[in-house]
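Working notes, beginning with the structure itself.
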Amino acid sequence: MPVLYHEHLLLGAKFGDNSIVERYGSETNTSLMPTGAVLADVSDMSMLLFAGDPAPSFATTAFAGSLLKAGECSFQAVLSGDGSLVSIPLLARTGASEYVVADLSARGDVLDGWLSFLSAVEHEGVAPFASIETEDVAGTHVALVLAGPAAAYVLGDYVSGGRVALPAPGKIEQCLLDRIPCIVAHPYVHEFDVYLLLVPPVHAVQLWRSLLSFTEVSPIGRTSLRHIAHSKLPWSQRLQTTDATRLTSEDLASANLVRNAQDFVGARGLFGKAEGRS
């Protein structure tokens, strides 16, 4: 049962599969959020940590986006060998040789299977990623999304009275939110603030209630969250099924999901032949 299950019940939640909140009884159309912020429990998302000496090389091979420095995060395309889309997760480099991959889409299991396959590949008897360490870390934290024009204002109230800066867009940091040790990721989304909060389960109810005490913050379920994601990240609409799909190199590049290089899996299939949507 999700850590926040009873909190959701108190808000009149309507549940879907796997106890995912689809909407709340008092939920209104918050998709535009002209001044406020929305809060969603996304603890069901796929979250994988990979670490060890081969981790940077594995990230370069498996992920098509910009090469990350420690403390950076970004949405990145992951492609199969022919350039088809596996998924577009959030990749965060949490250390020199440590990365976390988070995927809230319907393709999370597909992504996990593909990354497991790539980590075991051999070429001429050499397995370059054999010593990589992988761990499913979805259960180690309660994952919350806080998004909207007021998101930075709300979180700013938690960081030492505003004396400590929140992560800039494209950054991930450990932060004390009212003395609660959390990991805060701030992926870049054009003209829109989105924060992913990874909260220790023992403190999740406390922080959830605290965030909702702000009049600017409204809880939303998955239906509204998808609507917001589709409006701010149009490519996310392609991730709602596990059917085979692909995006053109132009679409991926314009969304900063691929880099101009040939060093990742799928680059030849993406750039090396005529493209089209399926």
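The values are calculated or read from the model by the stated rules, or taken from the named source; none is laboratory data. None of the values given here were measured: they were computed from a predicted structure. All Cβ positions, even for glycine, are placed from backbone atoms using ideal geometry, and neighbour counts span all protein chains on display. Just the protein is used for accessible areas: all its heavy atoms, side chains included, with ligands, DNA and RNA removed. Shrake-Rupley method; radii C 1.70, N 1.55, O 1.52, S 1.80 Å.
Report summary: the helix-based calculation at 222 nm, which adds -39500 (n - 2.57) for every DSSP H run with n ≥ 4 and divides by the residues of the chain, gives -6500 deg cm²/dmol. Based on C-alpha pairs under 8 angstrom that are at least 6 apart in sequence, the chain has a relative contact order of 27 percent.
Placing dummy labels 7 Å off each Cα toward the beta-carbon, the span from residue 45 to residue 268 is 3.3 nm. When the chain is treated as a GNM, springs tying every alpha-carbon pair under 10 Å, which of 113, 65, 148 comes out with the largest mean-square fluctuation? In the Gaussian network model the winner is 113. Dipole magnitude for the chain: computed about the Cα centre from +1 point charges on Lys and Arg Cβ and -1 point charges on Asp and Glu Cβ, it is near 600 debye. Solvent-accessible area assigned to carbon and sulfur over region 1-154 amounts to 54 percent, based on a 1.4 Å probe. For region 171-278, the fraction of 1.4 Å probe accessible surface lying on carbon and sulfur atoms is 51 percent.
The calculated FRET efficiency for residue 179 paired with residue 124, based on their beta-carbon distance and R0 = 41 Å, is about 0.15. When the alpha carbon gyration tensor of the chain is reduced to an equivalent ellipsoid, its three semi-axes come out at 32, 21, 18 angstrom, largest first.
Based on alpha-carbon atoms, the Kirkwood radius and the radius of gyration of region 114-188 give Rg/Rh equal to 1.19.
Sorted into 5 angstrom bins from 0, the C-alpha pair distances of region 1-145 split as 2, 8, 16, 18, 17, 13, 11, 8, 5, 2, 1, 0 percent.
Projection of the Cα convex hull of region 40-97, averaged over all directions and equal to a quarter of that hull's surface, yields 4.6 nm². Rolling a 1.4 Å probe across the protein heavy atoms gives the chain an accessible surface of 48 Å² per residue. Here the calculated FRET efficiency for residue 216 and residue 240, from their Cβ-Cβ distance with R0 = 35 Å, stands at 0.75, rounded to the nearest 0.05.
Residues considered: 141, 230, 186. Largest GNM mean-square fluctuation over the chain, using C-alpha springs under 10 Å, is found at 230.
Per the Cα gyration tensor, region 163-224 maps to an equivalent ellipsoid with semi-axes of 19, 17, 11 Å, ordered largest to smallest. For the chain, modelled as a GNM whose springs connect Cα atoms under 10 angstrom apart, the maximal fluctuation among 172, 220, 228 occurs at 228. In region 229-269, the inverse of the mean reciprocal separation of distinct Cα atoms equals 11.5 Å; this is its Kirkwood hydrodynamic radius.
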